[in-house]
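So the structure is just underneath, and the comments pick up after that.
The values are calculated or read from the model by the stated rules, or taken from the named source; none is laboratory data. Because the structure is a prediction, the values reported are computed rather than measured. Note that each Cβ is placed from the backbone with ideal geometry, even for glycine, and that neighbours are counted across all protein chains shown. The protein model used for the area step is the full one, side chains on, heavy atoms only, and it has no ligands, DNA or RNA in it. Shrake-Rupley method; radii C 1.70, N 1.55, O 1.52, S 1.80 Å.
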Amino acid sequence: MTRTIRKLMVSTILGGAAFTPLMLSQSANAQEARPAANEVPEAKKKTTKELHQLLLNSSGWVIWQPTETTTTSGTGWIVDKERKLMITNDHVVEGTDTLQVIFPIRKDGKLVREEGEYSIKKSVKGTVIDRDPVRDLALVQLESLPETSTALKMAAVEPEEGDIVRTIGGQTNGSDG
């Protein structure tokens with residue numbers, strides 16, 4: 001794994017689909033407590049609406065066109081807002097170093113749900129700056145980010161069997177849509 005991605009991925013478990021590293025285990029839903037020096041702090045419990053907004057503000061749709069008639073797409077999440085860095089899957093950007101990202105659009109403070117409002121004309125240019133094909137990850141430098149964007153914190157510890165893990169991304173198991 002390359003040094004850049006390794007630094008960003010320390011202590012995070014990664015699966016096949018691009019996903020947010022926000023892990024809300026049963027214990028993480030407990031009230032915030034002051035941890036000992038060597039313990040990981042507990043996460044503040046989020047409502048479903050708060051969690052949805054956090055994921056919405058952290059995610060984007062990654063698109064590139066290998067040919068005039070073919071479009072490849074997937075999801076990505078902002079890992080560092082200050083440096084405008086996004087993580088996506090390497091298979092999504094395989095064959096290119098340049099891509100576009102479409103972020104959620106809001107009008108009058110509300111999420112725009114009409115598909116026709118989202119187009120490549122309203123996208124942000126990105127450049128792949130690092131790849132890890134073994135873990136199927138790519139690090140993307142974006143030219144800009146929406147004001148409402150939020151970087152997701154990395155999970156401090158790997159989830160254990162039975163923990164609840166929230167993910168966001170494309171459909172899995174070969175489904176369409």
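Tell me, what ³J(HN,Hα) does each residue in the stretch 83-90 have, in order and in whole Hz, if you take phi through Karplus 6.51 cos²θ - 1.76 cosθ + 1.60 with θ = phi - 60° and put x for Gly and Pro?
Along the stretch 83-90, the couplings run 8, 6, 10, 10, 9, 9, 7, 4 Hz.
What do you get for Rg/Rh of the stretch 101-158 when both radii come from the Cα atoms and Rh is the Kirkwood radius?
Answer for the stretch 101-158: 1.05.
Enumerate the amide H contacts of Tyr118 below 5 Å, restricted to partners 5 or more residues apart or on another chain; note that Pro and chain-start residues carry no placed amide H.
none
Sorted by accessible area with a 1.4 angstrom probe, largest first, how do Arg135, Arg106 fall?
Arg135, Arg106
Percent of Cα-Cα pairs per 5 Å bin, from 0 to the last occupied bin, for the stretch 59-107, please list those.
Calculated over all Cα pairs of the stretch 59-107, the distribution is 5, 20, 29, 24, 12, 7, 3, 0 percent.
Return the subset of Lys121/Lys153; Lys46/Lys81; Lys45/Lys110; Lys49/Lys84; Lys44/Lys121; Lys46/Lys121 for which the Cα-Cα distance in this structure is over 32 Å, preserving the input order.
Correct reply: Lys44/Lys121; Lys46/Lys121.
Near Asp90, within a Cβ-to-Cβ distance under 13 Å, what is the net charge of the other residues, with Lys and Arg +1 and Asp and Glu -1?
So the environment of Asp90 carries a net charge of -3.
Could you give each residue of the stretch 143-159 its phi-based ³J(HN,Hα) in whole Hz, using Karplus coefficients 6.51, -1.76, 1.60 with θ = phi - 60°, and x for Gly or Pro?
Taking θ as phi minus 60°, the curve returns 6, 7, 9, x, 4, 7, 5, 9, 7, 8, 6, 6, 5, 6, 9, 6, x Hz for the stretch 143-159.
If you build the convex hull over the alpha carbons only and average its shadow over all orientations, what do you get for the stretch 75-134? Give it in nm² to one decimal.
5.2 nm²
Would you grab the residues whose amide H sits under 5 Å from the one on Leu137? Only those 5+ places off in sequence or on another chain, please, with H modelled 1.01 Å from N.
Correct list: Asp90, Asp132.
Quick one: net charge of Gly126's neighbours, Cβ under 12 Å, K/R +1, D/E -1?
0
With Cβ to Cβ distances under 13 Å as the rule, what net charge do the other residues near Pro66 carry (K, R +1; D, E -1)?
Summing Lys and Arg as +1 and Asp and Glu as -1 gives -3.
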